[in-house]
Amino acid sequence: MNTLQLILAGTIVMMSLGIFVVIMVVLQQKQVVQYKLILKDKDLQLQKERLVAVLQGQEIERKRIAEDLHDEVGAQLSVLKLSLNSLQQLAGNGEKERLKETKEFTDTIIQQLRFISQSLHPTTLENLGLSHALDSFASLMNKNRQIAIQFRTDGSLFPVDREKALNVYRVVQELMNNILKHAEAQQVLITYQSTPQTLTIRVEDDGNEQLIDNLAASRQKTGHLGLKNIESRLNIIGGNITFVKNSPKGTSAEIRVENYQPIA
């Protein structure tokens, strides 16, 4: 074998070794990337499980407080109202008027207590489903007379998974809280639509269009959940939300959840 052949053979061997080394490095980097992705997925899954546990704990506590308010405080206020009725029948004219005012004030407290209890733990959601629960929520809000809320439904009767229904209900509550605080709206329209594949709920107001900015700003503030709370709940159930400024004024928030029906 002459010198030229040796050089050529050596070159081929070195090139082969170089290609082998490059392939090994690429494969190793690919494995590292895959391992990092696996770790990231596990970390995201762990965070999701922690968030679900926290939210479940909150719901259990809300239910306990709601039941205590209804069973204990509500019952005591009902007894007080009966006592006032009895006293009103025995009282003189001047005292009757004062007792009447006290009874009306007691009625207001009872109504507020029912609203707080239902907000903490919406029994309608468990018994009748998401559509009826949102309708009931709108009715309760209207009784407070802070804002006029209209609820519309397409009449669809597709069942909604309980966990997904609860999280969507809480998102609508959060949106309404922010509308009351920031939007200066007079009217709100909640629209409920569902197909076998997709659940869509819109919350539209006629306010000052500051809802989007205030929700986004809350992301930067410690102690203000706002948009973080909304996004976290929707991420858990595979949903999303989009905001659009209406014309001539107001904001529209659209919640969409795919595969929302309970698994048989």
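Exactly one residue out of GLU49, GLU61, GLU67 is of a type in the set (Asp, Glu), at pLDDT 75 or above and under 24 Å from the mean Cα position of the chain (by Cα), and it is GLU61.
Filtering segment 226-252 to residues that are among the hydroxyl-bearing types (Ser, Thr, Tyr) and surrounded by 16 or more Cβ atoms within 10 Å (Cβ to Cβ) leaves SER232, THR251, SER252.
Count of segment 136-161 residues, restricted to those that are under 19 Å from TYR260 (Cα atoms), modelled with pLDDT of 90 or more and out of contact with any helix residue (DSSP H, G or I) (no Cβ under 6 Å at 6 or more places or on another chain), is 4. For segment 167-184, the candidate set comprises residues that are open to solvent by less than 10 Å² (accessible area, probe 1.4 Å) and more than 14 Å from the chain's Cα centre (by Cα); within that set, the residue that is modelled with the highest pLDDT is ILE179. Close Cβ contacts (under 8 Å, 6 or more residues apart or on different chains) running from residues in segment 65-92 that are outside any helix (DSSP H, G or I) to residues that are at pLDDT 70 or above comprise ALA91/LEU99. Taken over segment 120-146, the criterion of being touching a residue at least 24 places away in the same chain (Cβ under 8 Å), open to solvent by less than 70 Å² (accessible area, probe 1.4 Å) and more than 14 Å from ALA165 (Cα to Cα) is satisfied by LEU120, ALA138, LEU140, MET141, ASN144. Sub-6 Å Cβ pairs linking a first residue in segment 245-264 that is at pLDDT 85 or above and hydroxyl-bearing (Ser, Thr, Tyr) to a second residue that is part of a strand (DSSP E or B) and open to solvent by less than 60 Å² (accessible area, probe 1.4 Å), at least 6 apart or interchain, are THR251/ASP205; SER252/GLU204; TYR260/LEU199, ordered by first then second residue.
Looking only at residues of segment 120-160 that are part of a helix (DSSP H, G or I) and hydroxyl-bearing (Ser, Thr, Tyr), we find that the one that is nearest to the chain's Cα centre (by Cα) is SER131. Contact map, segment 180-206: residues that are more than 22 Å from PRO159 (Cβ to Cβ) paired with residues that are in a strand (DSSP E or B) and open to solvent by 60 Å² or more (accessible area, probe 1.4 Å), Cβ distance under 8 Å, separation 6+ or inter-chain. Pairs shown: GLN187/GLN150; VAL188/GLN150; LEU189/GLN150; LEU189/ARG152; LEU189/ARG202; ASP205/GLN187; ASP206/GLN187.
The values are calculated or read from the model by the stated rules, or taken from the named source; none is laboratory data. Here the structure is a predicted model, which is why all the values come from computation and not from measurement. Counting neighbours? That spans all protein chains shown, and the Cβs are built from the backbone with ideal geometry, glycine included. These accessible areas exclude ligands, DNA and RNA; they are computed on the full protein's heavy atoms, side chains included. Shrake-Rupley method; radii C 1.70, N 1.55, O 1.52, S 1.80 Å.
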